[in-house]
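The values are calculated or read from the model by the stated rules, or taken from the named source; none is laboratory data. As the structure is a prediction and not an experimental result, all values here were calculated from the model. Glycine gets a Cβ as well: all are built from the backbone with ideal geometry, and neighbour counts include every protein chain shown.
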Amino acid sequence: MVGHGIDTERLAADSQIAWDDYLHPYWLGVAELAAYPVLLATDNAEYIGAWLVFKTLPLWGVWSKQRSSYNRFLVGNALVLILSYGVARSFLGPA
């Protein structure tokens, strides 16, 4: 405990948990953002759908209790899909 009742050890542990929570999804999103435009441009969108189902199924029951993580999942995937479609149309030709 340091000044004004701030527990710096707990704060450090909490920030590490938050960092771990966002680092993996960040790199997964970067990989998806690299792969999705190519899949869209080559008319292989079914692989994107299969990947989304594969990512969704393990956490299906958990999301009924943790809506914020579910909303983060939806927004993140929507952004990656929208940006991928834009990249596919702009740089790789019409999807």
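Can you name the residue in the stretch 53-95 that is of a type outside the set (D, E, K, R) and assigned to a loop (DSSP other than H, G, I, E, B) and is also modelled with the lowest pLDDT among such residues?
That would be Ala95.
Just to verify a result, which residue in the stretch 22-52, among those that are among the charged types (D, E, K, R) and farther than 14 Å from Arg89 by Cα, is surrounded by the fewest Cβ atoms within 10 Å (Cβ to Cβ)?
Filtering the stretch 22-52 for residues that are among the charged types (D, E, K, R) and farther than 14 Å from Arg89 by Cα, the one surrounded by the fewest Cβ atoms within 10 Å (Cβ to Cβ) comes out as Glu46.
With the requirement that a residue be on the phi < 0 side of the Ramachandran plot and more than 17 Å from the chain's Cα centre (by Cα), what does the stretch 20-46 give you?
Val38, Leu39, Leu40, Ala41, Thr42, Asn44, Ala45, Glu46
Residue-by-condition table, conditions (1) out of contact with any helix residue (DSSP H, G or I) (no Cβ under 7 Å at 6 or more places or on another chain); (2) surrounded by 10 or more Cβ atoms within 10 Å (Cβ to Cβ); (3) of a type in the set (Gly, Ala, Ser); (4) free of Cβ contacts under 8 Å to residues at least 40 places away in the same chain:
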{"site": "Phe54", "(1), (2), (3), (4)": "yes, no, no, yes"}
{"site": "Trp60", "(1), (2), (3), (4)": "yes, no, no, yes"}
{"site": "Ser64", "(1), (2), (3), (4)": "yes, no, yes, yes"}
{"site": "Ser68", "(1), (2), (3), (4)": "yes, no, yes, yes"}
{"site": "Phe73", "(1), (2), (3), (4)": "yes, yes, no, yes"}
{"site": "Gly76", "(1), (2), (3), (4)": "no, yes, yes, no"}
{"site": "Val80", "(1), (2), (3), (4)": "no, yes, no, no"}
{"site": "Tyr85", "(1), (2), (3), (4)": "no, yes, no, no"}
